2 protein chains.
Amino acid sequence: MVVKSQIKFIKSLQQKKYRMLNSLFVAEGVKMVNELLQTELKLHSLYTTNPELLPSNEFKYEKISDADLKKISSLKSPNKVLAVFHIPDAAPLNFNGWLLVLDGVKDPGNLGTIIRLCDWFGIDHLVCSNDTVDCYNPKVLQATMGSVARVNIVYMNVKTLVKNSGVPVVGAFMEGEPVYRFKWPAQGMLIMGNEAHGISKELERESTNKVSIPQFGHPTTESLNVATATAILLNELRRN
Amino acid sequence: MVVKSQIKFIKSLQQKKYRMLNSLFVAEGVKMVNELLQTELKLHSLYTTNPELLPSNEFKYEKISDADLKKISSLKSPNKVLAVFHIPDAAPLNFNGWLLVLDGVKDPGNLGTIIRLCDWFGIDHLVCSNDTVDCYNPKVLQATMGSVARVNIVYMNVKTLVKNSGVPVVGAFMEGEPVYRFKWPAQGMLIMGNEAHGISKELERESTNKVSIPQFGHPTTESLNVATATAILLNELRRN
């Protein structure tokens, strides 16, 4: 049985403010929780209506009723398992390779997709500006699945970082050089901008190179979505 | 003022069945409607709370109240303009280049993103299996914007198409040949599969080539989302 204080505490973690304060986040659903249980994330507490769904019996859990799960869940149709994990400490950034920098990405689905892309393409460090959506937001988690635990995600003042990094800074711009011709250096930072406004003026000034994805269709087309543009550019970086 | 029969009719178009029956679909919101008004789509009817928001005065519209807009809208917060357009007749497929074929893509956001990618990369014909989500679904439209009017989208039995096309059939598979080594012929069909099950066995048997996107990260990673994989493969096709 879950008591009132537990309900209040777990529900509070739906808000970024309380996630930061407690350095905890909530994951829901059998697939997601089981994937995260198999990463290096530290488990805080685990609730399930059916312990047989857990990947092994090594985890301490509390068996609860469907009604209780509904009380602590943020989902309309709660899915049998809910876990609270500790937010891992950010690891130091390593400039010996490529980092991805996000400048104000706001859509949770886009950030989730981008985290998964970093995982796929072996980008170990993802640096997010402080106004980028929180990576422990439930909608982001839904789109990243286990990748969130395998990429070092750091929130910081990216302007300061970019100014002082000393490595090539490649920004994605509509009017950049066609990426097919670009010779990627061995290390650097790739910057992707906000969905509506792109990369901020301040970061644009710090960019050593501007790249763009050539367009082959009708010229009136809208720009590519930031997540698909990131997919294409990380693929270009790695195929190089 | 909108009368009861209009409300009922417009609301009915939220369902695929009635969209098919009437060969009409609904678009909502200033940005979306204005973009579609500037394509070759044929307008059926246009409702707005503020005619000044329309791109020009050449369109016949009905000025309605906020309350009436709320009655015909499918949105929680209706956005000033609602238009009904005729679904265009599908143009004949042209095999003199590359077609994209979708085998059971279910997620509206994924289909919307893929239509936009076709538009960007100049893929004129998008063939969808009959169990692919309807491209005039409101959530698909939200993700495609005007691209839906610039790509020839055809729903059909893709198995019959692929069997009788006589052009190279390239399927995206986890265990395919790394796409970086693949030499794309001048024409053909690229097949992308369902989010959970990939390409069906029947289409797999008809594939003349299997390609995959190399993975650089941790080997336990989930596969790429179908929309991001399509972005990468269409870029590979065009950079070739």
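Quick look at the numbers
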| read-out | value |
| --- | --- |
| Rounded to the nearest 20 debye, dipole of segment A:157-240 from Cβ charges on Lys, Arg, Asp, Glu | 320 debye |
| Sequence-separation-based contact order of segment A:98-239, relative, with Cα cut under 8 Å and 6+ spacing, percent | 29 percent |
| Exercise: per-residue mean of other protein chain Cβ atoms within 10 Å, A:146-156 | 1 |
| Amide proton proximity set for B:Gly217, modelled H, under 5 Å, gap of 5+ | A:Phe121, A:Gly122 |
| Two-decimal Rg to Rh for chain A - Kirkwood Rh, Cα set | 1.03 |
| Most to least packed among B:185-194, A:229-238 [average Cβ atoms within 10 Å] | A:229-238, B:185-194 |
| Proximal lysines relative to A:Lys60, as straight alpha-carbon distance under 16 Å, when same-chain residues fewer than 8 apart are discounted | A:Lys42, A:Lys80 |
| Distance (nanometres) between label positions extended 7 Å along Cα→Cβ at B:Ala67 and A:Lys159 | 4.9 nm |
| Dipole in debye (nearest 20) - chain A, about Cα centre, beta carbon charges: Lys, Arg +1; Asp, Glu -1 | 520 debye |
| Extension gain, B:Tyr180 back to B:Ala91 (0.36 nm per residue minus Cα-Cα distance, nm) | 28.8 nm |
| Peptide B:109-116 - average C-beta neighbours from other chains (10 Å radius) | 2 |
| Global geometry of the protein assembly as shown, whether rounded, prolate or oblate, following the gyration tensor of its Cα atoms and the 1.5 cut on a/c | rounded |
| Charge dipole (segment A:97-180, unit charges on Cβ, about Cα centre) - positive-most of A:Ser147, A:Val127, A:Gly109 | A:Ser147 |
| Selected from B:Leu69, B:Leu102, B:Leu53 as most flexible by GNM, with chain B as the system and alpha-carbon contacts under 10 Å | B:Leu53 |
| Rounded, prolate or oblate (a/c below 1.5 giving rounded, otherwise prolate when a/b exceeds b/c) for segment A:104-154 by Cα gyration tensor | oblate |
| Among A:5-17, B:205-217, A:27-39, the order from most to least packed when residues are scored by Cβ within 10 Å on average | A:27-39, B:205-217, A:5-17 |
| Gyration tensor (alpha-carbon) shape descriptor, segment B:4-86, a/c threshold 1.5 | oblate |
| Ranked by how many other beta carbons lie within 10 Å on average, peptides B:175-181, B:57-63 from highest | B:175-181, B:57-63 |
| Sequence-separation-based contact order of chain A, relative, with Cα cut under 8 Å and 6+ spacing, percent | 19 percent |
| Label distances, nm, B:His197 versus same residue in remaining copies, Cβ-directed 7 Å point | 4.6 |
| Residue-averaged beta-carbon neighbours from other chains (10 angstrom radius) around B:120-130 | 3 |
| Share, in percent, of DSSP beta bridges within chain B that are antiparallel, nearest 5 | 30 percent |
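Read-outs: derived from the displayed coordinates by stated rules, not from any lab. These figures come from a predicted structure and were not determined experimentally. No Cβ is skipped: glycine too gets one built from the backbone with ideal geometry, and neighbour counts run over all protein chains shown.
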